[in-house]
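In what follows, a single structure is set out as structure tokens and then discussed.
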Amino acid sequence: MIEAWGELNVRETFAEAARTYAALVRRIPEDRWNGPGLGEWDLRALIGHTSRSLVTVETYLAQPVETEEVPTPAAYYVAIAGIDHAAVVGRGVEAGRALGDNPAEFVDALNERVLIKVNTAGNPLMHTAAGGMRLENYLSTRTFELVVHSLDIAAAVPDIEPPEFSDQLLSEVARVGATAAVLQGRGVELMLALTGRGSLSPGFSIV
């Protein structure tokens, strides 16, 4: 049974998404790392970009702030709507290089380290790319990214076992995405598509 939204534990869903991503990385064949990934990224850069969903949590926890500027996960996606695409691509390439000679080992160690910090950090206000946020709100955006990019990775390597996610996790991700669409003024379009009364416009995306 899917729990009500208010009962979801964002640390548990983040941990599930992070562990699913790490397990996916362990299944990547050695001869596929330089193959196609997503858009301008090869697979290594895509997986490196995805690792930043963990890296930024660790980094931002060390950067406390006093003002909450971004009150919800959905508001985060509104705040970063004008982000520099070229800079994102570049950071993904750099993160891919940082994975080193054994990416699976790197991701496993990163995963373990970050989850320990998340579980002992409380819910502090911290710096993010969008402004000051509570840790738990930021975690929901990282869960969203981990799920979406794990699906991207699986699409790039279709001969490996695809990731599976719990209903709770998918409910959280869907809630963040749908609310972001509403805040971006596209809630009616989304509702019409969800109820079979319309279709999403080409290129519809909240990111």
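Laboratory data are not the source of any read-out in this text; all were calculated from the coordinates shown. What you see is a predicted model; the values in this text were computed from it and never measured. All Cβ positions, even for glycine, are placed from backbone atoms using ideal geometry, and neighbour counts span all protein chains on display.
Would you give the gap between the C-alpha center of segment 38-63 and the C-alpha center of segment 104-148, rounded to a whole Å? Between the Cα centre of segment 38-63 and that of segment 104-148, the gap is 11 Å.
Can you tell me the FRET efficiency between residue 32 and residue 194 if r is taken as the Cβ-Cβ distance and R0 is 30 Å, rounded to the nearest 0.05?
Numbers: r = 35 Å, r/R0 = 1.16.
Computed FRET efficiency for residue 32 and residue 194: 0.30.
Taken one residue at a time, the phi angles of segment 81-86 give Karplus couplings (6.51, -1.76, 1.60, θ = phi - 60°) of 4, x, 4, 5, 4, 4 Hz. Gly and Pro are set to x. Sequence-distant contacts, meaning Cα pairs under 8 Å at least 6 residues apart, place the relative contact order of segment 8-167 at 41 percent.
Of the GluC sites (Glu not before Pro) found in segment 39-120, the ones in coil according to DSSP and having at most 10 other Cβ atoms within 10 Å of their Cβ are 66. Computed on segment 33-97, with alpha-carbon pairs under 8 angstrom and 6+ residues apart, the relative contact order is 52 percent. With a simple spin-label model that places each label point 7 Å from the Cα along the Cα-to-Cβ direction, the separation between residue 69 and residue 81 comes to 1.7 nm. The HN-Hα couplings worked out from phi for segment 141-151 by the Karplus form 6.51 cos²θ - 1.76 cosθ + 1.60 (θ = phi - 60°) are 5, 6, 4, 4, 5, 4, 5, 4, 6, 5, 5 Hz, whole numbers, x standing for Gly and Pro.
Helix-only estimate, please: 222 nm mean residue ellipticity of the chain, summing -39500 (n - 2.57) across DSSP H runs of length 4 or more and dividing by its residues, to the nearest 500.
Numbers: 8 runs with 122 residues, N = 207.
Taking each H run of at least 4 residues, the total per residue is -19500 deg cm²/dmol.
Restriction of the trypsin sites (Lys or Arg not before Pro) in segment 131-207 to DSSP coil positions whose beta-carbon has at most 14 other beta-carbons within 10 angstrom yields 197. Across segment 44-52, rounded Karplus estimates of 3J(HN,Hα) from the backbone phi angles (6.51 cos²θ - 1.76 cosθ + 1.60, θ = phi - 60°) give 4, 5, 4, 5, x, 4, 5, 4, 5 Hz, Gly and Pro being marked x.
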